[in-house]
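*Asks:* Dropping a structure here in structure tokens format, bear with me for questions.
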Amino acid sequence: AAGHIAITRVSKYFGKHKALDNVSLELKPGSVTVIIGPSGSGKSTLLRTINHLERVDEGFIQIDGDYIGYRREGDKLYELKEREILRQRVNVGYVFQNFNLFPHLTVLENLIEAPIAHGVPREQAVARAYALLEVVGLRHKAEAWSRHLSGGQQQRIAIARALALEPKVILFDEPTSALDPELVGEVLDVIKKLARSGTTLVVVTHEIGFAREVADNVVFMVDGRIVEQGSSEAVLNRP
Ligand code: ADP
Ligand code: ADP
């Protein structure tokens, strides 16, 4: 099945600081994993390595057997060229804390830009964009300027944009932490809707209620290490 993530003995240093310390983790296709832990514990760094936005110093990461950022020849790994890395990233959507939409583009243009750049015919990209706007409940905003939307709406568009390339995996880095409290729910609702879609989701968040409701797997990080991992009941209901 598609979207199987295997993280094997990964370490990452920033200078002398070990941001990830021998992290191993296996995520099943279609599963929802929530990563929790104090600020600075390496959650964001771990997420970024899954997309090769950060290079690992030790260990390796595979999605459906492919080495992320590398190709294997014999028993050696060789880093991919930038163009090949970009092609590999099509399989892994990323949703940032601060939405990162193109403010000078309309909502529709934001959603079709990447697919067209990857060779999807315009008509097909537009049809898919409207279908995705339906999923996130913003079909009526197709022609709006991204910068005129509320934060919650912008983040729902950012999620639709991540879906536009039909990735096997979507990574969410604190997707609601930049939002006013009253807008958090509408974004979590969209992620909940995706939870049973077959896409593998990895969500860094402080929203424990969300974790209880939808996570198959909760990972608790401290100081670059996974100190606890299991079902949300097992990890979140400890005395
Ligand atoms: P979290 O997401 O859990 O808050 P991060 O992964 O952002 O933690 O950071 C883990 C540690 O690595 C922190 O001590 C942070 O300051 C450090 N760090 C993260 N990114 C960099 C970087 N680009 N350069 C230097 N240190 C970094
Ligand atoms: P987050 O926890 O969401 O990653 P941070 O404020 O820790 O947010 O980091 C924001 C950005 O700054 C990230 O790109 C991170 O890699 C970088 N960063 C974090 N800590 C350091 C650091 N000590 N030195 C340099 N860059 C850092």
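*Asks:* Quick one: which residue in Ser11, Ser44 is in contact with a Gly (Cβ under 8 Å, 6 or more places away or on another chain) and in contact (Cβ under 8 Å) with a residue 12 or more places away in the chain?
*Replies:* Sole residue among the options that is in contact with a Gly (Cβ under 8 Å, 6 or more places away or on another chain) and in contact (Cβ under 8 Å) with a residue 12 or more places away in the chain: Ser11.
*Asks:* Let me ask another. When you scan segment 14-70 for strands (runs of 3 or more DSSP E) that lie fully inside it, which ones turn up with 1 or more residues that are more than 16 Å from ligand 2 (Cβ to nearest atom) and farther than 17 Å from Glu174 by Cα?
*Replies:* 17-27, 58-63
*Asks:* While we're on this one: Across segment 8-46, which residue is surrounded by the most Cβ atoms within 10 Å (Cβ to Cβ) among those that are within 16 Å of Tyr67 (Cα to Cα) and in contact with a Phe, Trp or Tyr (Cβ under 9 Å, 6 or more places away or on another chain)?
*Replies:* Selected residue: Val10.
*Asks:* Please name all residue pairs, on different chains or six or more residues apart, with Cβ atoms under 7 Å, provided the first residue is in segment 49-60 and is farther than 11 Å from Leu20 by Cα and touching a residue at least 40 places away in the same chain (Cβ under 8 Å) and the second residue is more than 13 Å from ligand 1 (Cβ to nearest atom) and assigned to a helix (DSSP H, G or I).
*Replies:* Asn51/Arg89
Quick grid of which residues meet (1) acidic (Asp, Glu); (2) modelled with pLDDT of 95 or more:
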| position | (1), (2) |
| --- | --- |
| Arg87 | no, no |
| Phe99 | no, no |
| Glu113 | yes, yes |
| Arg122 | no, yes |
| Val126 | no, yes |
| Leu133 | no, yes |
| Gln153 | no, yes |
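*Asks:* Quick one: is Ala142 over 21 Å from the mean Cα position of the chain (by Cα) and either within 30 Å of Asp180 (Cβ to Cβ) or touching a residue at least 12 places away in the same chain (Cβ under 8 Å) (or both)?
*Replies:* It is true that Ala142 is over 21 Å from the mean Cα position of the chain (by Cα) and either within 30 Å of Asp180 (Cβ to Cβ) or touching a residue at least 12 places away in the same chain (Cβ under 8 Å) (or both).
*Asks:* Return yes when Tyr67 is modelled with pLDDT of 95 or more and more than 16 Å from ligand 1 (Cβ to nearest atom) and no when it is not.
*Replies:* Here the answer is yes, as Tyr67 does meet what is asked.
*Asks:* Given the criteria at positive phi, without any contact (Cβ under 8 Å) to a residue 60 or more places away in the chain and under 21 Å from the mean Cα position of the chain (by Cα), does Asn100 qualify?
*Replies:* Criteria met by Asn100.
Condition check ((1) farther than 14 Å from Leu201 by Cα; (2) at pLDDT below 95; (3) of a type in the set (A, V, I, L, M, F, W, C)) across all residues:
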| residue | (1), (2), (3) |
| --- | --- |
| Ala19 | yes, no, yes |
| Gln62 | yes, no, no |
| Arg71 | yes, no, no |
| Phe96 | no, no, yes |
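*Asks:* Can I ask one more? Within segment 60-97, can you find the residues that are farther than 18 Å from Val10 by Cβ, more than 14 Å from the chain's Cα centre (by Cα) and of a type in the set (A, V, I, L, M, F, W, C)?
*Replies:* Leu86
*Asks:* Filter segment 69-128 down to the residues that are of a type in the set (Gly, Ala, Ser) and over 30 Å from Glu143 (Cβ atoms), then identify the one that is surrounded by the most Cβ atoms within 10 Å (Cβ to Cβ).
*Replies:* Within segment 69-128, the match that is surrounded by the most Cβ atoms within 10 Å (Cβ to Cβ) is Gly69.
*Asks:* Just give me the residues in segment 39-59 being within 18 Å of the chain's Cα centre (by Cα) and either away from ligand 1 (no atom under 15 Å from the Cβ) or aliphatic (A, V, I, L, M) (or both), in sequence order.
*Replies:* The answer is Leu46, Leu47, Ile50, Leu53, Val56.
The values are calculated or read from the model by the stated rules, or taken from the named source; none is laboratory data. Because the structure is predicted, anything quoted here is derived from the model rather than measured. All Cβ positions, glycine included, derive from the backbone under ideal geometry; neighbour counts span all protein chains shown.
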